[in-house]
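Every number here is computed from the coordinates shown, using simple stated rules; none is lab data. Only a predicted model underlies this, so the values are computations on that prediction, with no experimental measurement involved. Every residue, glycine among them, receives a Cβ derived from its backbone with ideal geometry; neighbour counts consider all protein chains shown.
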Amino acid sequence: MNQFSHKSFKNSITAIVFLVTTAGFSQNQNAFTLKIDSFSAKIKEQKKPQLIDARGPEEFSLNHINGALNFNLETENYGKYTDALDKSRPVFIYSIGAGRSGQLAKELLKNGFSEVHDLEGGIAAWIGSGKPFYTNLKSKLTLAEYNKIITDNNTVLVDIGSRYCGACKKVKPVLETIRAEYGANLKIIEIDLEESPQVISDLKTVTVFPTLILYKKGKIVFKKEGADDLKKNVNLAFAN
């Protein structure tokens, strides 16, 4: 390869790397996950925010962020919904986690939307931080009742999640193992978004589903997300 060809080859490679980097940067600028405070602040900046709940219709009917529209990639007449949105304005999306909302965000970007934002922690982060929301449910458990359970029992394990959350389902068999081992020595409370949304909001401590909290004599021993090492953490709490 002569000097001129070698130089041209190097320039071509540099140009390709630049284009790939620029494309990646551009996509990151247009679609990225926002934490709850940033997500909420950006929505407030919009006169008529384009806010989408990417969960199923049955989930949406039980609770959702005020002003949200409900559709996802499985929605019938999906194109009709996307056509009603303004591609030049930001779109805000949430689900339970990042699964359905993340897929929808990618699809909207692919179809020419200029700016798409996904909510980190989804509906759990919104309701769990005490933000206003719609619900057609009356919570089975109140904050006062929750606090009484914590006060009246020496050791309490709280599982906060949703029946529609895949990760939450993985917690249940672990809870059964813990319940079988500790029996009456451990009070276990399971709080679902579909049954007690208001107490989740009032606690102002949940940022993602599932959230596990262990109390001992009214004090928090640990708070964690997911079932990983849950049994080990409970065993350590009883050992101390």
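General observations
- Using only Cα coordinates, the Kirkwood hydrodynamic radius of the stretch 47-169 works out to 16.0 Å.
- Across every pair of non-identical alpha carbons in the chain, the mean reciprocal distance, once inverted, gives a Kirkwood radius of 20.3 Å.
- If you wrap the tightest convex hull around every Cα atom of the stretch 143-239 and split its volume per residue, you get 90 Å³.
- Since only V91, L157, P197 are under comparison, the one whose Cα sits farthest along the positive direction of the charge dipole of the stretch 86-240, derived from C-beta charges on Lys, Arg, Asp and Glu, is L157.
- Residues whose amide H falls under 5 Å from that of E194, counting only those 5 or more places apart or on a different chain, are R163, with hydrogens built in the peptide plane.
- Of all DSSP beta bridges confined to the chain, the antiparallel ones make up roughly 45%.
- Restraint check, K42/K232; K170/K204; K47/K169; K44/K170; K138/K219; K80/K169, Cα-Cα greater than 30 Å: K42/K232; K47/K169; K44/K170; K80/K169
- Most fluctuating residue given options G121, G183, G130, as computed from a GNM of the chain linking Cα atoms under 10 Å: G183
- Using a simple spin-label model with pseudo-atoms 7 Å out from Cα toward Cβ, K87 and L143 lie 4.5 nm apart.
- Residue of K187, K138, K48 that the Gaussian network model of the chain assigns the largest fluctuation, springs spanning Cα pairs under 10 Å: K48
- Within-14-Å neighbourhood charge of R55 [Cβ basis; K, R +1; D, E -1]: -4
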